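The values are calculated or read from the model by the stated rules, or taken from the named source; none is laboratory data. Note that the structure is a prediction, hence the values are computed from the model and not measured. For neighbour counting, all protein chains shown are included, and Cβ atoms are generated from backbone atoms with ideal geometry for every residue, glycine included.
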Ligand code: ARG
């Protein structure tokens, strides 16, 4: 079958080339966007005098019917359909004849593909926003439930200072809040309509681009046709936000995987998000979280693909750019499924409260001891040294910090007094961090209140 562009050719392309060239196997996913854009374009063509009013009505109706065929899974592709744009145009002509052949007047697939992708990503941004909010809401609830549980925090994966478990979970809430805001920023740049740019130089037909903008609910028109058909920065942008969001998830996934080991035993995943071993009957593996940790590799490679694809590519459009779609779809799918599964894990997670402090020894209070000496007037650097010595002596003599006698302590510094023994209290330790953003109960409450404010904004109608 001849291609839509076959006029200047004497032979048809090889089957091999056809398969290599066709993007239909993956860009058919853009059928809805293509129909929406083509319908708007037909209205602009009518305004430009290319279609009569009744012809345009006929085109719009046929496009609606084609949409129904897709929605019902009834649309039949033909071997000559190269991509979603040519498939829909071919079907339109099939349905309404000669009139349909005018739809491509002044139009190029170069602008169509950029337009469809922007429409697609605008809705992906909105959906990603909803999914992030759902996860944030589950995280907030878990944080509220664990506000009074205390556990060691880690730096360098070594026990650092005691924190409230709720404070730990709120870290995820606020990292996700950053991701959400990145999406909001991105939404502004995505909201620029390329249609009317033609193949490269701008349409030759007097298309009312403002009409297109209104019809397709865009906020701005691309001000330069060359940028509009060549640039894929808007896709790279989205892929970065997706990768960064997944990186956040993967770090928490890693902690929870560790925490569900026998050695930590801080948490247990629900059966619904775990799997067993085909050989070892005792196993309950956190596969959900391992997969989320693993999926981020795909997302990063999708981003890398898009960046590499554009590097050094001559302006304007080149077929290389057809390779932009699979990474884009893959990142959207990976992000959505990972957010959904993570939300499931978080909302069913069991915390094993009794184990949280199981492997914590007195050295976790070392900073508190230093702070105690600082309060008594010792410069911090000196206090650090004194407590370091205390910890070393304790390690050498198998003595816990609280087991030092008043005499032992006095020998190290005269500032030690009876209040020293009050330091070794988890509550007291976390309450000491009473600064905005800290882990004291008042400060965690502030975070939870802020979360509620953020989450209720959505309920009031703002995304
Ligand atoms: N399938 C193509 C793509 O995905 C559409 C644009 C084709 N443009 C062209 N001049 N051949 O990029």
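Condition check for residue 293 on (1) within 16 Å of the ligand (Cβ to nearest atom); (2) more than 30 Å from residue 23 (Cβ to Cβ): one failure, at (1).
Within segment 8-27, the set of residues being over 31 Å from the mean Cα position of the chain (by Cα) and either within 13 Å of residue 325 (Cβ to Cβ) or not in a helix (DSSP H, G or I) (or both) comprises 9, 10, 11, 12, 13, 14.
Looking at the structure I just gave you, is residue 4 in contact (Cβ under 8 Å) with a residue 60 or more places away in the chain, surrounded by 12 or more Cβ atoms within 10 Å (Cβ to Cβ), farther than 20 Å from residue 96 by Cα and within 13 Å of the ligand (Cβ to nearest atom)? Before the answer, list the steps.
Values: in contact (Cβ under 8 Å) with a residue 60 or more places away in the chain: yes; surrounded by 12 or more Cβ atoms within 10 Å (Cβ to Cβ): yes; farther than 20 Å from residue 96 by Cα: no; within 13 Å of the ligand (Cβ to nearest atom): yes.
It is false that residue 4 is in contact (Cβ under 8 Å) with a residue 60 or more places away in the chain, surrounded by 12 or more Cβ atoms within 10 Å (Cβ to Cβ), farther than 20 Å from residue 96 by Cα and within 13 Å of the ligand (Cβ to nearest atom).
Of note, residue 134 satisfies the criterion of being modelled with pLDDT of 95 or more and either surrounded by 19 or more Cβ atoms within 10 Å (Cβ to Cβ) or within 30 Å of residue 27 (Cα to Cα) (or both).
Condition first: assigned to a helix (DSSP H, G or I) and touching a strand residue (DSSP E or B) at 6+ places or on another chain (Cβ under 9 Å). Can you find one or more residues in segment 136-143 that meet it? So that I can check it myself, show each step before the final result.
The initial filter retains those residues of segment 136-143 that are assigned to a helix (DSSP H, G or I), namely 136-143.
Still in the list and also touching a strand residue (DSSP E or B) at 6+ places or on another chain (Cβ under 9 Å): 142-143.
The answer is yes; a qualifying residue exists.
When restricted to residues that are part of a helix (DSSP H, G or I) and farther than 24 Å from residue 138 by Cβ, segment 172-196 contains 4. Taking (1) surrounded by fewer than 18 Cβ atoms within 10 Å (Cβ to Cβ); (2) outside any helix (DSSP H, G or I); (3) at negative phi; (4) away from the ligand (no atom under 16 Å from the Cβ) in turn, residue 77 satisfies each apart from (4).
For every residue, the table says whether it meets (1) modelled with pLDDT under 95; (2) over 18 Å from the mean Cα position of the chain (by Cα); (3) within 16 Å of the ligand (Cβ to nearest atom).
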residue: 305; (1), (2), (3): no, no, yes
residue: 323; (1), (2), (3): no, yes, yes
residue: 337; (1), (2), (3): no, no, no
residue: 344; (1), (2), (3): no, no, no
residue: 348; (1), (2), (3): no, yes, no
residue: 361; (1), (2), (3): yes, yes, no
residue: 365; (1), (2), (3): yes, yes, no
residue: 369; (1), (2), (3): yes, yes, no
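Of all residues in segment 80-96, those that are more than 9 Å from the ligand (Cβ to nearest atom) and either part of a helix (DSSP H, G or I) or at pLDDT 95 or above (or both) total 11. Among all residues of segment 197-209, there is none that is touching a helix residue (DSSP H, G or I) at 6+ places or on another chain (Cβ under 8 Å), crowded, with 21+ Cβ neighbours inside 10 Å and assigned to a helix (DSSP H, G or I).
Got a sec? Which of 318, 411, 366 is at negative phi and surrounded by 19 or more Cβ atoms within 10 Å (Cβ to Cβ)? When all the criteria are applied, what remains is 366.
As a summary of the residue check, residue 333 satisfies the conditions (1) away from the ligand (no atom under 16 Å from the Cβ); (2) surrounded by fewer than 20 Cβ atoms within 10 Å (Cβ to Cβ); (3) more than 25 Å from the chain's Cα centre (by Cα) except for the one numbered (3).
Scanning segment 145-163 for residues that are closer than 20 Å to residue 453 by Cβ and crowded, with 17+ Cβ neighbours inside 10 Å yields a single hit, 147.
Conditions tested, residue by residue: (1) more than 14 Å from the chain's Cα centre (by Cα); (2) within 16 Å of the ligand (Cβ to nearest atom); (3) part of a helix (DSSP H, G or I); (4) buried (at least 17 other Cβ atoms within 10 Å of the Cβ).
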site: 98; (1), (2), (3), (4): yes, no, yes, no
site: 116; (1), (2), (3), (4): yes, yes, yes, yes
site: 166; (1), (2), (3), (4): yes, no, yes, yes
site: 170; (1), (2), (3), (4): yes, no, yes, yes
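Of all the criteria given as (1) within 17 Å of residue 194 (Cβ to Cβ); (2) part of a helix (DSSP H, G or I); (3) in contact with a helix residue (DSSP H, G or I) (Cβ under 7 Å, 6 or more places away or on another chain), the one not satisfied by residue 298 is (1). Candidates 63, 45, 30: the one that is within 23 Å of residue 316 (Cα to Cα) and in a helix (DSSP H, G or I) is 30. Any residue that is buried (at least 16 other Cβ atoms within 10 Å of the Cβ) and either touching a strand residue (DSSP E or B) at 6+ places or on another chain (Cβ under 9 Å) or not in a loop (DSSP other than H, G, I, E, B) (or both) - is there at least one of those in segment 103-110? Within segment 103-110 (the criterion being buried (at least 16 other Cβ atoms within 10 Å of the Cβ) and either touching a strand residue (DSSP E or B) at 6+ places or on another chain (Cβ under 9 Å) or not in a loop (DSSP other than H, G, I, E, B) (or both)), the answer is yes, since at least one residue qualifies.
Of the listed requirements (1) away from the ligand (no atom under 16 Å from the Cβ); (2) outside any loop (DSSP other than H, G, I, E, B); (3) surrounded by fewer than 18 Cβ atoms within 10 Å (Cβ to Cβ); (4) at pLDDT 95 or above, residue 263 misses just one: (2).
Go through segment 414-426 and give me each residue that's surrounded by 12 or more Cβ atoms within 10 Å (Cβ to Cβ) and part of a helix (DSSP H, G or I).
Filtering segment 414-426 for residues surrounded by 12 or more Cβ atoms within 10 Å (Cβ to Cβ) gives 415-417, 420-421, 423-426.
The answer is 420, 421, 423, 426.
Contact map, segment 18-42: residues that are farther than 24 Å from residue 203 by Cα paired with residues that are in a helix (DSSP H, G or I) and away from the ligand (no atom under 14 Å from the Cβ), Cβ distance under 9 Å, separation 6+ or inter-chain. Pairs shown: 28/70.
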